[in-house]
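See structure below.
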Amino acid sequence: MAKNILIINGHPDKESLNYAISNAYERGAEKSGATIEKIDIGELNFDLNLKFGYKKSMELEPDLQDSIEKIKRANHIVFIHPLWWGSYPAIMKGFIDRVFLPDIAFSYDKNNKREMLFRNKSARIIVTMDQPIWYYKFICRSPSIKQLKTITLAFCGIKAKNIKSTLFGSISNSTQQKRNMWLSHMEKLGSIEAAINK
């Protein structure tokens with residue numbers, strides 16, 4: 001059975017390296033026979049502001065309804081985002097706020113026990129940044145990965161051991177040759193991850 005992989009790209013610019021990384025990973029995964037779906041958050045039409053918190057539901061726009069179905073179908077979710085002020089872009093945060101909702105990503109029973117609805121999924125977090133990787137990891141303590149991995153994905157049931165990360169930096173100082181190497185690596189990674197536990 002083919003593995004279902006969902007690639008979620010959090011960069012709003014189609015000309016960004018993040019789009020190239022997304023396409024490279026997709027090419028590799030397709031070579032291993034995976035079923036690929038993609039969400040380019042910047043191309044969705046939705047209100048990124050969770051206006052009422054969890055007190056009152058907002059109507060889900062068609063693009064968000066479609067995104068939720070893609071997330072539910074996925075065995076493996078790949079998040080790609082640039083590092084902006086230590087985190088991911090506002091549009092990606094808004095997407096998570098609007099989509100990772102009660103009864104979609106998690107729920108509570110009558111005894112207030114949390115049910116984690118993404119329990120059988122795995123994930124890969126890919127981050128591009130304009131700072132050295134060592135600075136992000138050891139000085140900044142990997143803030144965006146901690147936020148997405150521990151606070152969001154693990155809360156919804158994806159075990160920490162099943163969440164991997166890949167970092168690219170410094171982007172602004174990279175040569176085209178270096179970027180081509182990164183894209184080649186992404187294509188190989190997509191092929192490998194698509195072949196695991198099909």
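The values are calculated or read from the model by the stated rules, or taken from the named source; none is laboratory data. Bear in mind that the values here come from a model prediction, so they are computed numbers and not experimental data. Reconstructed Cβ throughout: ideal geometry from the backbone, glycine too, with neighbour counts over all protein chains shown.
For this structure, a couple of remarks:
- Ser174 vs. criteria of a type in the set (Gly, Ala, Ser), within 22 Å of His11 (Cβ to Cβ) and more than 20 Å from the chain's Cα centre (by Cα): yes
- All positions within region 120-143 that are of a type in the set (Phe, Trp, Tyr), under 26 Å from Ile192 (Cβ atoms) and surrounded by fewer than 21 Cβ atoms within 10 Å (Cβ to Cβ): Trp134
- Condition check for Lys188 on (1) outside any loop (DSSP other than H, G, I, E, B); (2) under 17 Å from Pro89 (Cα atoms); (3) among the charged types (D, E, K, R): one failure, at (2).
- Meets criteria (assigned to a helix (DSSP H, G or I) and within 27 Å of Phe100 (Cβ to Cβ)) for Leu183: no
- In the set Ile125, Ile77, only one residue is touching a Phe, Trp or Tyr at 6+ places or on another chain (Cβ under 6 Å) and part of a strand (DSSP E or B); that residue is Ile125.
- Residues in region 109-141 that are hydroxyl-bearing (Ser, Thr, Tyr) and in contact (Cβ under 8 Å) with a residue 12 or more places away in the chain: Ser122, Thr128, Tyr136.
- Residue that is modelled with the lowest pLDDT, among those in region 3-53 that are surrounded by 15 or more Cβ atoms within 10 Å (Cβ to Cβ), assigned to a loop (DSSP other than H, G, I, E, B) and in contact with a strand residue (DSSP E or B) (Cβ under 9 Å, 6 or more places away or on another chain): Lys3
- Subset tally (residues that are under 15 Å from Tyr54 (Cα atoms), β-branched (Val, Ile, Thr) and within 16 Å of the chain's Cα centre (by Cα)) for region 64-121: 2
- Among the candidates Glu59, Glu69, residue that is in a helix (DSSP H, G or I) and either surrounded by fewer than 17 Cβ atoms within 10 Å (Cβ to Cβ) or not polar (S, T, N, Q) (or both): Glu69
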